[in-house]
Amino acid sequence: MKKIIFTIGIGFILLLTCLVQTGNAQTSPRVRRTINDNWFFSPGDVPNAEKPKAEVADWERVSLPHTWNAGDAFDDEPGYRRGPGWYRRQLELDPGLRGKRIFLFFEGANQTAEVFVNEKSLGKHIGGYSAFVFDATDQVSFERPNLIAVRVDNTLEKDIPPLDADFTMYGGIYRDVWLVAADPVHFKVTDHASVGVRVETPRVSESAATVKISGTVVNSTAGVGDLEIISTIFDNENSPVARVASRLGVKEKSESDFVQTVDQIRRPKLWSPEEPNLYRVKTVIKSGEKVLDEIENPLGFRWLRFDAEEGFFLNGKYLKLRGTNKHQDYQGLGNAVPDELMVRDLEIIKDNGFNFLRLAHYPQDPAVLEAADRLGILIWEEIPIVNLITISEAFNQNSKTMLRDMIRQHRNHPSIIIWGYMNEIFLRSPKTGADLTETFKLAKELEKICKEEDPTRVTGIAFDFGSREDYYQSGLTSITDIVGWNLYFGWYHDTFEDFGKFIDEQHRRLPDKPLIISEYGANADRRLHSANPKRFDSTVEWQRMFHESYWRQISERKFIAGSAIWNQFDFGSEFRGETIPHINQKGMFTYDRRPKDVSFFYKAAFSSRPVLHIAARDWKYRSGGARQAIDVYTNLGSVELFQNGVSLGKKTAANNKASWEASLADGKNILTAQATENGLHSDTTEVFFADTARPFDRSFREMAVNVGSNADFIDEGQNVWTADKIFRTGGWGFTGDDGAEVSTLRNAFGSLDDPLFQTMREGLNGYRFDVPDGVFEVELRFVEPKFKEKGQRVFDVKINGQTVCRELDLAGEAGLMMSLTRKFSVAAENRGG
């Protein structure tokens, strides 16, 4: 989708959009426009909200997309509002639309919606991630404004997937809403909210291709329709390359199907990630010389094959699927994200060298798929059956409807290669015999629907490591065309190298099944850093080590058809209480789309353009010893690193990384990397360093310690809270028995510096700082990580032998996980600490 945005005059913004899919020329008889503005919203179940006389004076004016969870899903209160909400707006219809069929088309509302027009219910929709449409023709008025009211509810319902997932299930009308006005004779609009015309390529080769065009025409008039259906295929330069026409009779107030075939498109320009040649098909209904309806669809000529030993092939050529995953939310917006930002996400993914994207764990906005078609990104799309199922006919029926919705709405997109319908389905399941059996039965039914609706794509399920034997026992490993594995060796369990051992074993157990690594990742908080990172510490350095190891192991195994990082962008997951509460931090980019250093590792590995990146942006402010590792990610040959203008030598990258040991100077260090392959390439960044490993002297001014942690923490003021260590004479650290390291993943209340309160030492003797004589301010920060009741933990605090806090009771004074700060003025003499 191409857009041009500019301003004319005062307060007027013009946005021109070139639609690739379902686009209509200005002269088209079908009218399609958004009705996103001038809505009013009220949380809760407002009585009679669909009636004109409802009390709405205190309702909030909003524009769509909108969610009511953009704020409360990120505050310190546990949980977020899941329940009903009401939307209303007035809609005046252009008299020029009189005589047309009037439809209200919703791209998405989470998770159930009921739509009213002038008090009458048009119907209900179940499912928060697919489009739906209602025919409002018989209820609208052209004489007076029409009242549209929509009740949306994101309450957890046992019969509606998803039931449990590691993402926030925001409520609201969070995608665009469209008014569609079509001639009484039109391509069917109400077929699972699909576009009404299907485009297939039964045969494709480099020399020729066949195109099959089919659909349903609705005749809502009293007359008999003798119609002509004309389809024209345009290439990526907008030149017509083929045309087919056929006659169709449609009886009064009925519908008829049509099928057209273009036998030979000579030497088609093939669609691929390298050359996403995108054709389009314009299909019109004519009665005599009058055009009654018109639809455009994308068309890409490509064919694909998965092989259990050799991997993935596109257009007959081997292609490693180098992929990532993406959720649909964005910092400050929740899931109510405008098209421009979603398209920008796809552009970031493409720019970083990826050719494959898994839309986890639900169908996403049409703009995402339009961008994937245009950019050349291969897509795995799935419905939100995540972690467990409910054994009920209603759950099964809702799942099947969601699958048909997704396939019919999106199957014309050439970018889609995999339909998915379950993710880690036994992760939260009780795993009884009944659960295994019923899940298998549901999967068989969903697989059958996939093959009925679209036999041209492959099917996949993503399995988790912890339930691996359940997938074999239940028979799920035998159902889909490919198997995906979500693997987190070296993060949730075991070591990096165990990944390769595990996937080799699955290849032996499933010798005829193509395998994809559908998820792999580790947390990274850009504020946390360590020269000695460890599992689960959320340091950038551990995440980098994780991905460097995984990609090496994946690329060594040709039988792995592809992989998808978890995740491209940090995303909202309200229940998480990690170093950034309510956020899953496994992204290559932060929630507001700032790149982490690790993203350049993949860019160097995947991009065909030169990449040279000093991986020190995330760790710009440092402390500790002067000897520090500096890494450079690159796809170039020999790289030379300079520190403050002095060469540290040349290195050749291995696994797209070259490393140096640098002796950092106090203060600012300017680092420059240079490579001369096919021209001069350079990258420069700054690192600010404070040596906290040497003895204190008169220049000492300030020091902060991240107690109980192996990691430095950089706060918003760019202060470095140095990783903890044992005391050495002349320096600083904990003394005697170091006590027990305690850590928690709970949200720390009353502070944005959660990592400082999530690691601590319990039962230690004390701390000593051999500072020069003088008067110092000592600031102590406390949190109670375990006890809720007063009196369960009471202690004294002494500084230089003097009691400064007597019988401090954190639970009684502040509460569980509530931060508490105390400051004291202390005199030090004779290097006392």
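The values are calculated or read from the model by the stated rules, or taken from the named source; none is laboratory data. Computed from a predicted model, the values in this text were never measured in an experiment. Because the Cβ atoms are built from the backbone with ideal geometry, glycine has one as well, and the counts that use them run over all protein chains shown. Only protein heavy atoms, including side chains, enter the accessible area calculation; ligands, DNA and RNA are left aside. Shrake-Rupley method; radii C 1.70, N 1.55, O 1.52, S 1.80 Å.
Key figures
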| read-out | value |
| --- | --- |
| 3 or more residues open to solvent by 20 Å² or more (accessible area, probe 1.4 Å): qualifying strands (runs of 3 or more DSSP E) within segment 144-212 | 197-204 |
| All positions within segment 596-627 that are touching a residue at least 60 places away in the same chain (Cβ under 8 Å), of a type in the set (Lys, Arg) and assigned to a loop (DSSP other than H, G, I, E, B) | Lys596, Arg617, Lys620 |
| Segment 806-824 residues that are closer than 21 Å to Asp753 by Cα, paired with ones that are of a type in the set (Ser, Thr, Tyr) and modelled with pLDDT under 95 (beta carbon under 6 Å, 6 or more apart) | Ser819/Ser751 |
| Options Arg344, Arg302: the member that is under 24 Å from Ser214 (Cα atoms) and open to solvent by 20 Å² or more (accessible area, probe 1.4 Å) | Arg302 |
| Residue among Gly521, Gly500, Gly484 that is farther than 24 Å from Asp345 by Cβ and either touching a strand residue (DSSP E or B) at 6+ places or on another chain (Cβ under 7 Å) or not polar (S, T, N, Q) (or both) | Gly500 |
| Strands (runs of 3 or more DSSP E) (entirely within segment 671-760) containing at least 3 residues that are in contact (Cβ under 8 Å) with a residue 60 or more places away in the chain and either in contact with a Leu (Cβ under 6 Å, 6 or more places away or on another chain) or surrounded by fewer than 18 Cβ atoms within 10 Å (Cβ to Cβ) (or both) | 681-691 |
| Residue match in segment 170-186 (condition: modelled with pLDDT of 95 or more and either of a type in the set (S, T, N, Q) or touching a Cys at 6+ places or on another chain (Cβ under 8 Å) (or both)) | no |
| Filter result (in contact with a helix residue (DSSP H, G or I) (Cβ under 9 Å, 6 or more places away or on another chain), surrounded by fewer than 17 Cβ atoms within 10 Å (Cβ to Cβ) and assigned to a loop (DSSP other than H, G, I, E, B)) within segment 773-829 | Lys786, Phe787, Lys788, Glu789, Lys790, Gly791, Gln792, Arg793, Val794 |
| Breaking point among (1) surrounded by fewer than 18 Cβ atoms within 10 Å (Cβ to Cβ); (2) farther than 20 Å from Ile503 by Cβ; (3) hydroxyl-bearing (Ser, Thr, Tyr), for Tyr472 | (2) |
| Pairs, first farther than 23 Å from Gly460 by Cα in segment 425-436, second surrounded by 15 or more Cβ atoms within 10 Å (Cβ to Cβ), C-beta under 6 Å, six or more apart | none |
| Residues that are touching an Asp or Glu at 6+ places or on another chain (Cβ under 7 Å), of a type in the set (A, V, I, L, M, F, W, C) and farther than 30 Å from Glu505 by Cα, drawn from segment 282-319 | Val284, Ile285, Leu292 |
| Failed criterion for Ile126 (all others in (1) open to solvent by 30 Å² or more (accessible area, probe 1.4 Å); (2) within 26 Å of Val56 (Cβ to Cβ); (3) of a type outside the set (D, E, K, R) hold) | (2) |
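This table checks each residue for (1) open to solvent by 40 Å² or more (accessible area, probe 1.4 Å); (2) more than 30 Å from Trp303 (Cα to Cα).
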residue	(1), (2)
Val386	no, no
Gln397	yes, yes
Thr401	yes, no
Arg408	yes, no
His413	no, no
Met422	no, no
Phe426	no, yes
Pro430	yes, yes
Lys441	yes, yes
